[in-house]
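S.K.: Right, I'll just put the structure down here and ask away after.
Just so it is clear, none of the values below were taken in a lab; they were calculated from the coordinates. Please read all numbers here as calculations on a predicted model, not as lab measurements. Using ideal geometry, Cβ is built from the backbone for each residue, glycine included, and neighbour counts are taken over all protein chains shown.
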Amino acid sequence: MSIVVQDGFEALTIANLARKVGVAVGAMYRYFDGKDALVAALQQEAITDLGNHLAERTEAHAVALAKQPPKVQALARVVMSFVAYLDDARSASRRHRLVDAFLSSPSYTLSEGAAREVEAVLEPIFESVEARFDDAVAAGALTPGDAAVRTFVGWAAIHGLDHFRKRDRIVDERRRVSALVPAAFGALLLGWGADPGDVQSALAAVDELAAPA
């Protein structure tokens with residue numbers, strides 16, 4: 001993992017990994033057929049760990065959010081599904097940079113077959129967020145819509161905002177990520193039919209939960 005984080009995917013080779021862990025190159029081929037299999041395994045591990053983190057965050061907030069009115073609770077749970085990804089940068093910065101590198105690479109890093117194997121690991125994360133959207137619709141907090149599309153839109157938004165954090169030190173407060181997250185997700189929720197008052201309350205609840213201890 002440290003090879004990718006420090007030097008990029010190009011440096012992740014069987015030879016470099018063997019050197020890193022102090023074993024013969026031939027020994028590595030007992031576990032990986034080549035670089036494609038190595039990258040896929042690394043990506044699957046990182047995504048699995050990320051999924052566990054997101055699930056733990058969701059569970060940790062369940063009691064606090066349960067105190068909110070049903071519609072506010074449902075909207076807050078949707079937003080927290082994405083905000084927890086930003087929290088991952090603080091709790092596991094190396095893993096976060098690795099997952100970000102996989103998502104951000106402008107070129108394909110895996111063959112189609114390996115990519116589909118990794119997608120199978122990523123899909124449960126998306127499905128858990130889709131369930132939050134379905135719950136919000138059931139609660140009357142959002143109008144009916146394609147939960148899968150909404151999930152991808154939200155994921156794209158939070159991933160882009162994650163990249164903007166490096167600009168926080170040189171921009172004014174209203175353009176920092178801490179301000180852009182509620183602006184972005186507030187606009188999305190309103191576009192998906194949420195009540196403005198419910199959105200305001202949900203974002204306030206999320207801000208309180210996401211605040212560093």
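S.K.: Which of the aspartates and glutamates could a cross-linker bridge to Lys67, judged by Cα under 18 Å and excluding same-chain residues fewer than eight apart?
M.R.: In chain and number order, the partners are Glu59, Asp135, Asp198, Asp207, Glu208.
S.K.: Let me ask something else about it. Using a Förster distance of 22 Å, how high is the FRET efficiency between Gln44 and Asp168, based on the Cβ-Cβ distance and rounded to 0.05? Write out the running numbers ahead of the final one.
M.R.: Working: r = 31 Å, r/R0 = 1.43.
Efficiency, from the Cβ-Cβ distance: 0.10.
S.K.: So what are the stretch 150-193's ellipsoid semi-axes, whole angstrom, largest first, if each one is the square root of 5 times an eigenvalue of the alpha-carbon gyration tensor?
M.R.: Details: eigenvalues 89, 30, 4 Å².
After scaling each eigenvalue by five and taking roots: 21, 12, 4 Å.
S.K.: In nanometres, what is the gap between the two model label sites at Ala66 and Glu127, each 7 Å from Cα along Cα-to-Cβ?
M.R.: Taking the two extended label points, one gets 2.5 nm.
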